[in-house]
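Visitor: Please find one structure pasted underneath; my questions will follow.
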Amino acid sequence: MRIIVVDDHPVVRNGLCQLLGGQDDIEILASAADGDATLALLKSGIQANMVLTDLNMRGMDGWELTRQLTALNPALFVIILTLHPQIAVKQRALAAGAKDCLSKDGDIDELLSALRAAHASRAEI
């Protein structure tokens, strides 16, 4: 998995990069603080196959970023990570084009399972 991590909080963003980057099957290609920076990374040629993004960010939020990413590259999987209650956002996240939507209150194993499931589904396409 080649992932870009997007979160406007540096501690969260850097923590996710360290946790995920320590996995044998995950390569963190880049991180960004907002949607505009993420789009710029992809347009510069970074060959990610997944984006893990926060929902609430300054500037372009995770909803709009997800819509733009999936329009730019339908093969790119987006997973949203948020503090919002899942019942309130999961359907909207999927409708925006996200592959999954997870709570930041979950544990790292839940996140890893979701990333691996999304990646495995790529082989089925």
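Visitor: Pairs, please: C-beta under 9 Å, at least 6 apart or cross-chain, first residue closer than 16 Å to I4 by Cβ and in the range 55-78, second among the charged types (D, E, K, R) and at pLDDT below 90?
Guide: L55/D61; A75/R122; F77/R122
Visitor: How many residues does the range 84-96 hold that are in contact (Cβ under 8 Å) with a residue 24 or more places away in the chain and either hydroxyl-bearing (S, T, Y) or surrounded by fewer than 19 Cβ atoms within 10 Å (Cβ to Cβ) (or both)?
Guide: Number of matching residues: 2.
Visitor: When only residues in the range 61-87 that are assigned to a helix (DSSP H, G or I) and among the β-branched types (V, I, T) count, which is modelled with the highest pLDDT?
Guide: Filtering first and then ranking leaves T66.
Visitor: Another question about this same structure. Go through (1) modelled with pLDDT of 90 or more; (2) under 15 Å from the mean Cα position of the chain (by Cα) and name the single condition D109 misses.
Guide: (2)
Visitor: In the set L41, L76, L19, L83, which member is under 22 Å from S121 (Cα atoms) and out of contact with any Pro (no Cβ under 7 Å at 6 or more places or on another chain)?
Guide: Going through L41, L76, L19, L83 in turn, the sole match is L76.
Listed here are the residues, each with its yes/no results for (1) in a helix (DSSP H, G or I); (2) under 19 Å from L115 (Cα atoms).
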{"position": "D8", "(1), (2)": "no, no"}
{"position": "R13", "(1), (2)": "yes, yes"}
{"position": "C17", "(1), (2)": "yes, yes"}
{"position": "D25", "(1), (2)": "no, yes"}
{"position": "I28", "(1), (2)": "no, yes"}
{"position": "L52", "(1), (2)": "no, yes"}
{"position": "R58", "(1), (2)": "no, no"}
{"position": "A95", "(1), (2)": "yes, yes"}
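The values are calculated or read from the model by the stated rules, or taken from the named source; none is laboratory data. These numbers come from a predicted model, not from an experiment. Note that each Cβ is placed from the backbone with ideal geometry, even for glycine, and that neighbours are counted across all protein chains shown.
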